[in-house]
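Worksheet: one structure, shown below.
The values are calculated or read from the model by the stated rules, or taken from the named source; none is laboratory data. Being a predicted model, the structure only gives us computed values, none of them experimental. Cβ: placed from backbone, ideal geometry, glycine included. Neighbour counts: every protein chain shown. For accessibility, only protein heavy atoms count, side chains too; no ligands or nucleic acids. Shrake-Rupley method; radii C 1.70, N 1.55, O 1.52, S 1.80 Å.
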Amino acid sequence: MADKILVVDDEAEIADLIEAYLTAENLTVYKFCSAREALACAASTELDLAILDVMLPDMDGFTLCKKIREAHTWPIIMLTAKDAETDKITGLTLGADDYVTKPFRPLELAARVKSQLRRCHRYNPAYSGPPDPDPAAGTILCGGLALNAKAHTCLLEDRPLDLTPTEFAILRILLENRGLAVSSEELFRQIWRDEYYSKSNNTITVHIRHLREKLGDRAENARFIKTVWGVGYKIEDQA
């Protein structure tokens, strides 16, 4: 079954261009020019990913992103203005998984969509066939943290954490490499399958900050995610 992609952009030419490239990748596109229509679609349709423009006629894309995140965990990619650093940070903070700046290359956007879908399929039990006979199999334990990649669940002191797909992926990588420092570049490459990483790219930094908030961590005295200055991040083994 083809994955279903929500595309929201009030510029018809851009929306049509995105639809053409995604359709060529055998994806089903639900295309809208307003947030109101997009929310109605999200409420009535089992979607797999959303592409949201920041500038919409009835609601800005950030508010739309926040509303979607209240009910859904599938990946969200924001379309932001060129070099608008504030837009990128705001979108990521509100739960977006990635951003693409306008004007963009359609092939790059399609590649990012496929990358997000691959990750979602890999760690979302809805795509992985029958359940594992042992629900605890594959669970990583660290202190009061328990992450199960197969079930796509994460508990902190037995309390479920509401993580976006990107936050889940970052936490999984750090837990699988407990005791070792993982660079921002390596996190970026593993998550987005993209070899190009710029030192000015703050995507990982913003997601780490958001993760720490959900874990109750503080950067200066973190229980879980520690900063290794000049290198990256790590999670220490805990008894």
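Take the residues in region 166-221 that are at pLDDT below 90 and among the β-branched types (V, I, T), then tell me which one is most open to solvent (accessible area, probe 1.4 Å).
So, considering only residues that are at pLDDT below 90 and among the β-branched types (V, I, T), the one most open to solvent (accessible area, probe 1.4 Å) is T205.
Within region 59-70, is even one residue over 25 Å from L211 (Cβ atoms) and at pLDDT 85 or above?
yes
So which residues in region 222-236 are surrounded by fewer than 16 Cβ atoms within 10 Å (Cβ to Cβ) and of a type in the set (V, I, T)?
V228, V231
State all residues of region 150-165 that are open to solvent by less than 50 Å² (accessible area, probe 1.4 Å) and at pLDDT 85 or above; if no residue qualifies, say none.
C154, L156, L161, L163
Would you please list the contacts, defined by Cβ atoms under 8 Å and residues six or more apart or on different chains, that run from a residue in region 152-170 that is closer than 17 Å to K66 by Cα to a residue that is open to solvent by 10 Å² or more (accessible area, probe 1.4 Å) and among the hydroxyl-bearing types (S, T, Y)?
What qualifies is D162/T73; L163/T73; T164/T73; P165/T73; P165/Y123.
Can you report the number of residues in region 85-136 which are at pLDDT below 65 and either within 19 Å of I204 (Cβ to Cβ) or in contact with a strand residue (DSSP E or B) (Cβ under 8 Å, 6 or more places away or on another chain) (or both)?
Final tally of qualifying residues: 3.
For region 26-59: of the residues being over 19 Å from the mean Cα position of the chain (by Cα) and under 15 Å from G91 (Cα atoms), which is surrounded by the most Cβ atoms within 10 Å (Cβ to Cβ)?
If we take residues in region 26-59 being over 19 Å from the mean Cα position of the chain (by Cα) and under 15 Å from G91 (Cα atoms), then L56 is surrounded by the most Cβ atoms within 10 Å (Cβ to Cβ).
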